[in-house]
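Remarks on the structure that follows.
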Amino acid sequence: MAALCSNSSSEKAGTASEAPSGPEDDFWAGQGPIVLRDPAIKLLSPVSGVEPLSWAEDHRLAACNTNSVSLMELVCDIHSLSQNLVLHRTHIPVPTTTCELKVGSEKDVRAVKESFANSKDPVVSQMIMIDRVINPQCGPLHGVKYTSWSPLGCDKLGRCLLAFLTLDNRLTIHSSHLQLQWTLLLDLTELYGEMLKTRKYSAQNDGTPPVSFKDFDELQRRFRMQTPVRMEWSSLCSMQQVQSDNAHKDINTVLLAVLMENGDVVVWQFSLPLNGKESVVSCSTIKSGVSSPSALTWWQYEHSGRKMSGLIIGSSVGPVKILPVNIKAVKGYFTLRQPVVLWQESDQIPVHNIKCITLFHPHQKCNCSLVVAARGPYIFWCLLLISKAGLNVHNSHITGLHSTPIISMTACHNNGTVLTCSLDGKVKKLTTVFTDLAVEFKQEEIVLPEGVAGRRIHGISISPNSAYLAVLSNEGMNNGFHPVALNYQVQFITFKTPDEAAAKMLDAHCLFRNSDLLDLLRWRILKDKSIPSAYENNLEEKLQTSGSTYLWRLKLFFLRTLHKSMQKTPSEALWQPRRRSGQSLVGDGDEGGGGDEDEMMEDRQGDAEIREREERMKEIGSRIEAVESHLIRENMKKVLGEVYLHTCVTQNTRVPTKGVCDFLTNDPANEDRAAKVLIGHIMNKMNKQTFPEYCALCKEILPFTDCKRAECKNGHRWLRCALSYQACQGVTYRRCLLQDSIASVAEPEDSDWIKKILQGPCIFCDSPFY
Ligand SMILES: [Zn+2]
Ligand SMILES: [Zn+2]
């Protein structure tokens, strides 16, 4: 049992009830990877659209319903005492006004529609009356058709954007500039409609004269060419741009491919961060020639420094093919010479969803792309490998997986595991096993925990690092009867154990990107009220060799969570042994006097316990402080390095340079030679000037005595920015997602290197500032 605790403090952790003991370990040993976690999130409206659940790389989950996209952000909250998941909820409503696609001048369109509706030919009149795209008046569809998350790094904060398609065909892009607040950035339906108008709705932008839409087929074509089916984001592409001073600047762009009902694919290219119309770099239309298209995904492949890209398109009548995508101005990107057909047969088995995963082939020693497409109850897979001989394609179908059609599919992008869910609620896991040339799949059924099993599932989605599987469902049949009222909810199932998560976290680089894994660790530490010794030992061992600030941040996270676990929840506090209000928390317990013997005994025992816990908390508190101050010092050195690189002789900057230098020099714990040398150089540059900060209220000097706050001699107090150490005296400042530090706001006149410093993530928790 002693081996369970490594550090001295936990060994003397007092009573048996507090020390980590056998039952706790048994609890975790008895848990498989699949455990249902609380809370379940209720949706207020019925689910709508295809693949209604999707998880972004920045840990936001979108659930589509008839009134809105419900968004849940998984926050690994260091301030929460609850072991449950912490989810911040927001939503983007579906617009109340119906979107009407434009195909010509309003007056002409109305006249033509009327003439078709009154046509003597019942085929034509019926067609137009029941077509809800051409004729939204006949009862527009209200709800979400599909959503797609961009990769990380697309908005101002470096987070993901949401492309949002409604059932009435409005495609928009949203971002959350402020926490829990969404802004519409672009209306692509409107923008594409305007572009089509300038080219007079011709099929190609080549100046061919338009056909009159008095022809029914032409009218239908004009609608279908702008009716999106699905849209998918590419990964980030970086390209070089020549500046006015002939310097080259790397700029990041991202592509959004929109598949239209007529088989066209519209590829939008946006410069990042995406702001609005001015961020549109280009928009091109590619003819795929796929009839009844139903699904698409990007094919992106890297082979000996060359990047290949294309679009994989599936049809609801069967075929799957890759289309070349030539992106002008994106250097270093190549595409196919001609389309590659992956599955040719029009066997009337619809392609529901396609995923493309990049994997390393251990036998062929190169990257390969694994394409999986859900077709009816089957999975069609295809392995693409580029060798000297050209493109190698291996493909096959996995049959016998489900007995009803697959309604949802999700893939873990790091290991190639694919999860499928069929109409009858069965969830299967496919694990990729490489053979000499291609791959095989190991099939397993996921045994859903009680509370999820037997429900009617509409969508599944795996979290970015496969820590959780989210399931969107409603009640199933009860005694052979359908439920009277349907309640839709999103539930979360663990897909990894905390031990697996801990191992992964050691090799990671960013806490924020791994929030889902981190949450499993938070759960375990809060439940155990101790850090498992293996986690702590492995981390310390790694810190000895690497000393990266990421590992220090992970250590800080462990300690903070441990500290939190020792606080009493409000309900626990109510039930603790009676203690008279006159007694102070520390010491003096014996002087209380009075009361009967039993109560005295109880009190003393309770007090001892409390005192012990408080002492332990104090000790952990000081360890937290030590780690924080290490992180602050490391960041100060980084900031000073930037100051040294970017300033000329004697220059005032937003960084209180002299103060930071003095702070580092005066710190007895700081025996860092490199830092001393750097400070010496900077002092030379400063030429004996000090550039002090002044209080905005009384114009007195603000001394740099504390790295978190500043106080002038008249007692005006200001918080210091955690990134630049400047006193934040403006009206606005930003807070990080976990609210453990603040940062000032960059001004337009600030130089680029200052802006870059202020763009950084929180130095304690890696999350962005809002
Ligand atoms: Zn003052
Ligand atoms: Zn933070």
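The values are calculated or read from the model by the stated rules, or taken from the named source; none is laboratory data. Everything quoted here is computed from the prediction, not taken from an experiment. Don't worry about glycine lacking a Cβ; one is built from the backbone with ideal geometry, like all the others, and counts go over all protein chains shown.
If I go through the stretch 710-743 residue by residue, how many of them are in contact (Cβ under 8 Å) with a residue 40 or more places away in the chain and either closer than 18 Å to Glu693 by Cα or within 14 Å of ligand 1 (Cβ to nearest atom) (or both)?
First pass over the stretch 710-743, keeping only residues in contact (Cβ under 8 Å) with a residue 40 or more places away in the chain: 722-727, 737-740.
Then drop every residue that is not either closer than 18 Å to Glu693 by Cα or within 14 Å of ligand 1 (Cβ to nearest atom) (or both), which leaves 722-727.
The number of residues fulfilling the criteria is 6.
Only residues that are away from ligand 2 (no atom under 16 Å from the Cβ) and in contact with a strand residue (DSSP E or B) (Cβ under 6 Å, 6 or more places away or on another chain): list them for the stretch 702-715, please.
Taking the stretch 702-715 as the starting set, the residues that turn out to be away from ligand 2 (no atom under 16 Å from the Cβ) are 702-706, 709-715.
Within the stretch 702-715, Leu702, Arg709, Ala710, Glu711, Cys712 qualify.
Has the stretch 686-693 got any residue that is more than 16 Å from ligand 2 (Cβ to nearest atom) and of a type in the set (Val, Ile, Thr)?
yes
So which residues in the stretch 631-642 are touching a helix residue (DSSP H, G or I) at 6+ places or on another chain (Cβ under 6 Å) and either modelled with pLDDT under 85 or among the charged types (D, E, K, R) (or both)?
Passing the criteria: Glu634, Lys637, Glu642.
Please identify the pairs in which a residue from the stretch 42-56 that is at negative phi and surrounded by fewer than 20 Cβ atoms within 10 Å (Cβ to Cβ) has its Cβ atom under 9 Å from the Cβ atom of a residue that is among the hydrophobic types (A, V, I, L, M, F, W, C) and outside any strand (DSSP E or B), counting only partners at least 6 apart or on another chain.
These pairs meet every condition: Pro46/Leu486.
What strands (runs of 3 or more DSSP E), lying completely within the stretch 50-158, carry at least 2 residues that are within 23 Å of Gly276 (Cβ to Cβ)?
Numbers: elements: 53-55, 60-64, 68-74, 87-93, 144-149.
Where strands (runs of 3 or more DSSP E) fall fully within the stretch 50-158 and carry at least 2 residues being within 23 Å of Gly276 (Cβ to Cβ), they are 60-64, 68-74, 87-93, 144-149.
Checking the structure you have, find out if any residue of the stretch 51-62 is among the hydrophobic types (A, V, I, L, M, F, W, C), over 22 Å from Pro498 (Cα atoms) and at pLDDT 95 or above.
There is at least one residue in the stretch 51-62 that is among the hydrophobic types (A, V, I, L, M, F, W, C), over 22 Å from Pro498 (Cα atoms) and at pLDDT 95 or above.
Would a scan of the stretch 622-633 turn up a residue that is within 16 Å of ligand 2 (Cβ to nearest atom), surrounded by 14 or more Cβ atoms within 10 Å (Cβ to Cβ) and in a loop (DSSP other than H, G, I, E, B)? Full working, then the answer.
The first filter runs over the stretch 622-633 and keeps only residues within 16 Å of ligand 2 (Cβ to nearest atom), leaving 624-625, 627-632.
Within this subset, residues satisfying the condition of being surrounded by 14 or more Cβ atoms within 10 Å (Cβ to Cβ) are 624, 627-632.
Imposing the further condition that a residue be in a loop (DSSP other than H, G, I, E, B) reduces the set to none.
Within the stretch 622-633, not a single residue is within 16 Å of ligand 2 (Cβ to nearest atom), surrounded by 14 or more Cβ atoms within 10 Å (Cβ to Cβ) and in a loop (DSSP other than H, G, I, E, B).
Which condition number does Leu723 fail, the rest of (1) within 16 Å of ligand 2 (Cβ to nearest atom); (2) exposed (fewer than 15 other Cβ atoms within 10 Å of the Cβ); (3) not polar (S, T, N, Q) being met?
(2)
Out of curiosity, is Pro656 within 16 Å of ligand 1 (Cβ to nearest atom) and surrounded by fewer than 16 Cβ atoms within 10 Å (Cβ to Cβ)?
no
Which of the residues spanning the stretch 23-36 are surrounded by 10 or more Cβ atoms within 10 Å (Cβ to Cβ) and at pLDDT below 65?
Glu24
Pick out the one residue from Ser234, Ser288, Ser294 that is modelled with pLDDT of 90 or more and touching an Asp or Glu at 6+ places or on another chain (Cβ under 9 Å). If you could, list the steps in order and put the result at the bottom.
Numbers: Ser234 fails: touching an Asp or Glu at 6+ places or on another chain (Cβ under 9 Å); Ser294 fails: touching an Asp or Glu at 6+ places or on another chain (Cβ under 9 Å).
Of the residues listed, the single one that is modelled with pLDDT of 90 or more and touching an Asp or Glu at 6+ places or on another chain (Cβ under 9 Å) is Ser288.
What number of residues in the stretch 469-490 are loosely packed, with under 10 Cβ neighbours inside 10 Å and among the acidic types (Asp, Glu)? Quick ask: steps written out before the conclusion?
Quick first cut of the stretch 469-490, residues loosely packed, with under 10 Cβ neighbours inside 10 Å only: 479-481, 484-485.
This time we only want the ones that are among the acidic types (Asp, Glu), so: none.
Total satisfying the criteria: 0.
Mind checking which residues of the stretch 312-370 are part of a strand (DSSP E or B), small (Gly, Ala, Ser) and touching a residue at least 40 places away in the same chain (Cβ under 8 Å)?
We begin by selecting, within the stretch 312-370, every residue part of a strand (DSSP E or B); these are 312-315, 320-324, 333-334, 340-343, 351-361, 366-370.
With the extra rule that they be small (Gly, Ala, Ser), the set shrinks to 314-315, 369.
Scanning the stretch 312-370 gives Gly314, Ser369.
Can you name the residue in the stretch 678-709 that is away from ligand 1 (no atom under 11 Å from the Cβ), hydrophobic (A, V, I, L, M, F, W, C) and more than 41 Å from the chain's Cα centre (by Cα) and is also surrounded by the most Cβ atoms within 10 Å (Cβ to Cβ) among such residues?
Met686
Looking only at residues in the stretch 734-770 that are under 16 Å from Lys156 (Cα atoms) and of a type in the set (Ser, Thr, Tyr), which one is farthest from ligand 2 (Cβ to nearest atom)?
Ser744
Which condition from (1) buried (at least 18 other Cβ atoms within 10 Å of the Cβ); (2) within 16 Å of ligand 2 (Cβ to nearest atom); (3) modelled with pLDDT of 90 or more is the one that Trp718 breaks?
Evaluating Trp718 over (1) buried (at least 18 other Cβ atoms within 10 Å of the Cβ); (2) within 16 Å of ligand 2 (Cβ to nearest atom); (3) modelled with pLDDT of 90 or more leaves (2) as the failure.
So that you can scan it fast, the table gives a plain yes or no per residue for (1) closer than 25 Å to Glu500 by Cα; (2) modelled with pLDDT of 95 or more:
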residue	(1), (2)
Ile406	no, yes
Asn414	yes, no
Cys421	yes, yes
Lys428	yes, yes
